[in-house]
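In what follows, a structure is listed as structure tokens, so that the remarks can point back to it.
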Amino acid sequence: MGRVTPLLTSRKVLNITYRTPLETLLKTPETLPTEEPTVPQISYTVAEEHLPTFSFPPYGKKWVALLYGAGKFVTAGILHWKTRKNGAAVASGSASVSANYYYTVNAFFFDVAVGDVLELALWSNQTDSNWDYKAFQVQVTRLIPFNKPRLLRPCNFSSVPAHPVLTLGNPSVSGTSSLHPYHNDRLLPSISGITEYASLYVGNTYGIFRIYRGDYSTSTSVSTSSTYRPYYYRNWVPTQIIMRGLRID
């Protein structure tokens, strides 16, 4: 007897819409303390309104938060930072900043949920350093479109812009390499424009893709510039995926 169920599913289009990032540029910069502050200067609580939306609900996903803090050093010195999630320390570090340079702390939080409180504390070994900028966006990673089938054939990443797009404070993107999504542990270097794969298997852990910053790499970094603030890192993030599922069960 022939197969009753078609081998391939109908053509599916998954659209992912990202929210406009939250940005604040203070009218008057605030001086950084010389010791870790009791209350972090920058804090965001993840809410439903911050999450990307989908044209149909995917089977599985994880959320990643990108949080930025920026300011200026008048005297050359050392910037110290610490990130917290729901009051617990996530990471901490320091970086040298030249005189009259701007700094930007790029902080990433993996697997966040609505209600999580994400914080960034800043302090300096100089008394004339300041901060005056913050931003926040939530992105999706480890996306699993369907429970079954898991083999997509073909899979077309038809729209892959870079996010977030920050606008306040004379921003510029710091570096463009290694920001593409990964499939499992394999870099997808061509995914920064229209890219079609003849077949792509959706794994149980990493799904169809995992974004670079905030998932493949969760390291907080500090970038400095004599001109730009924020001078920030971002991700290539698929916003439209066109696919058919191959039934192999």
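Brief remarks follow.
- Of all positions in segment 214-222, none carries a residue that is modelled with pLDDT under 80 and at negative phi.
- When segment 156-168 is limited to residues that are of a type in the set (V, I, T) and more than 21 Å from E48 (Cα to Cα), the one that is surrounded by the fewest Cβ atoms within 10 Å (Cβ to Cβ) turns out to be T167.
- Residues of segment 122-142 satisfying the condition of being within 14 Å of Q41 (Cα to Cα) and hydrophobic (A, V, I, L, M, F, W, C): L122, W123, W131, A135, F136
- Looking across segment 66-103, the residues that are closer than 27 Å to V237 by Cα and of a type in the set (S, T, N, Q) come down to T83, N86, S92.
Matching residues to (1) under 13 Å from S124 (Cα atoms); (2) in contact with a His (Cβ under 9 Å, 6 or more places away or on another chain); (3) surrounded by fewer than 22 Cβ atoms within 10 Å (Cβ to Cβ):
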position	(1), (2), (3)
P58	no, no, yes
V64	no, no, no
L67	no, no, no
K72	yes, no, yes
N100	no, no, yes
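- Check on N86, at positive phi and either more than 24 Å from the chain's Cα centre (by Cα) or of a type in the set (A, V, I, L, M, F, W, C) (or both): no
- Count - residues of segment 38-54 that are part of a loop (DSSP other than H, G, I, E, B) and surrounded by 13 or more Cβ atoms within 10 Å (Cβ to Cβ): 5
- Residues satisfying the stated conditions in segment 21-43, i.e. more than 28 Å from V64 (Cα to Cα) and either without any contact (Cβ under 8 Å) to a residue 12 or more places away in the chain or β-branched (V, I, T) (or both): K27, T28, T31, T34
- In segment 51-69, the residues that are in contact (Cβ under 8 Å) with a residue 40 or more places away in the chain, under 17 Å from the mean Cα position of the chain (by Cα) and more than 15 Å from T141 (Cβ to Cβ): L67, Y68, G69
- Take the conditions (1) farther than 19 Å from G207 by Cα; (2) surrounded by 11 or more Cβ atoms within 10 Å (Cβ to Cβ); (3) at pLDDT below 95; S10 misses just one of them, which is (2).
- Condition check for F108: part of a strand (DSSP E or B), out of contact with any helix residue (DSSP H, G or I) (no Cβ under 8 Å at 6 or more places or on another chain) and closer than 30 Å to F54 by Cβ: yes
- If the condition is being surrounded by 15 or more Cβ atoms within 10 Å (Cβ to Cβ) and within 16 Å of S43 (Cα to Cα), then segment 74-98 contributes W81, K82, T83, R84, K85, V90, A91.
- The residues of segment 226-249 that are of a type in the set (S, T, Y) and either part of a loop (DSSP other than H, G, I, E, B) or on the phi > 0 side of the Ramachandran plot (or both), listed by number, are S226, T227, Y228, Y233, T239.
- Considering G175, G93, G169, the condition of being free of Cβ contacts under 8 Å to residues at least 60 places away in the same chain and either more than 27 Å from T205 (Cβ to Cβ) or among the aromatic types (F, W, Y) (or both) is satisfied by G175 alone.
- Candidate set from segment 124-155 (those that are hydroxyl-bearing (S, T, Y) and either under 18 Å from the mean Cα position of the chain (by Cα) or not in a strand (DSSP E or B) (or both)); member that is surrounded by the fewest Cβ atoms within 10 Å (Cβ to Cβ): T127
To keep it simple, each residue is scored yes or no on (1) of a type in the set (D, E); (2) outside any loop (DSSP other than H, G, I, E, B).
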| residue | (1), (2) |
| --- | --- |
| S10 | no, no |
| L25 | no, yes |
| E30 | yes, yes |
| L66 | no, yes |
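The values are calculated or read from the model by the stated rules, or taken from the named source; none is laboratory data. Only a predicted model underlies this, so the values are computations on that prediction, with no experimental measurement involved. Note that we place each Cβ from the backbone using ideal geometry, even for glycine, and neighbour counts take in every protein chain shown.
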